[in-house]
Amino acid sequence: MTVMAVDSTRMTDADNAPGIVETAHTFGDDLVGVLTRPAGTPAGTALILLNAGLLPRVGPFRTYVQLARSLAAEGFVVFRFDQSGLGDSPVSSQAGEGRKRRETVAAMDVVARETGVRQCVLGGLCSAADDAFNIAPQESRVMGLLLLDGVAYITPLYRLRYYLPRLLHPGKVLRGVRRLLRRSASIGQATIDPNSFRDFPSQPEAVDRLKALDARGASVLMLYTGGIERYYNHKRQARECFGTVMRSPRMSTEYWADCDHTFYARQHRERLSATVVEWMKARYAG
């Protein structure tokens, strides 16, 4: 596999990121990625970020860029790359089952070859979280997951929290009836199955995966926002979904009801970077 540096820039004080080096690479089936690393010796675990939906490797509102530079300033390597057919990466000539896993393995190989770091955290936002959750069980080098608005399931308590305030508020009931008549749909969006537009495994399979990752020693950060109210609406819902495995000290959850799905507000992006940096330092700085 050929890895070629196509661009190399050293961050300056003007970028608010002194001591950080960024290089662009082509690898695998002409995939393109950017490696952000500290100028000195890196920590022993890297973060690999996958595409959020159809967005390129910068992430929504450059969230991935900010996150990568914040982590590199604390000594971590971050590799964000465009999967086949997204951003600067052309459609793969080897499309088919297992493609996403092969591309992610190739990205881990780039990180190992360029930095010597062989252990990684895998993740990202939305579909990136789905891909990471589906790939991690098969790859022993993955020792952590960063799941932003990732896997979860509608629970009985979710439905109670969703419907009860609406039933007690006549105006909300009336608006729900209007939507019912206009769209021939249920009141609100709570009955939408997230599996219809996300790549979630079955709930029992998700529980088994988390247990296996916990046994491996992998840490998981699940951060949910108010932008996915259609299937997640409480800080304890992860425990409702996944049960006792969430008691493990390696499992962490956050619920930011005031934050939208794409981290549109600058303060939310800054809060995200600070949260992920703190989590990575606590779990992997050693």
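Okay, here's what the table says:
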item: Two-site FRET efficiency, residue 211 against residue 160, from Cβ-Cβ distance with R₀ of 25 Å, rounded to 0.05; result: 0.40
item: Relative contact order for the range 15-140, counting Cα pairs under 8 Å that sit 6 or more residues apart, in percent; result: 31 percent
item: The range 238-279: C-alpha gyration tensor shape, a/c 1.5 cut-off, then a/b vs b/c; result: oblate
item: In order through the range 142-150: 3J(HN,Hα) via Karplus (6.51 cos²θ - 1.76 cosθ + 1.60), integer Hz, x for Gly, Pro; result: 7, 10, x, 10, 10, 10, 9, 6, x
item: Amide proton proximity set for residue 262, modelled H, under 5 Å, gap of 5+; result: none
item: For the range 248-254, Karplus couplings with θ = phi - 60° (6.51, -1.76, 1.60), whole Hz, Gly/Pro x; result: 5, x, 7, 9, 10, 10, 9
item: Gain upon complete extension [residue 112, residue 88; 0.36 nm per residue less C-alpha separation]; result: 6.4 nm
item: Inter-label distance, nm, simple model (7 Å from Cα along the C-beta direction), residue 265/residue 247; result: 3.5 nm
item: Centre separation in Å (Cα based) which lies between the range 246-265 and the range 62-113; result: 22 Å
item: Accessible solvent surface per residue of the range 11-131, calculated while the other protein chains remain in place, 1.4 angstrom probe, Å²; result: 37 Å²
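The values are calculated or read from the model by the stated rules, or taken from the named source; none is laboratory data. What you are looking at is a predicted structure, and each value in this text was computed from that prediction instead of being measured. A quick note on method: Cβ atoms are made from the backbone with ideal geometry, for glycine too, and the neighbour counts reach across all protein chains shown. Protein only, heavy atoms only, side chains kept; ligands, DNA and RNA dropped before computing areas. Shrake-Rupley method; radii C 1.70, N 1.55, O 1.52, S 1.80 Å.
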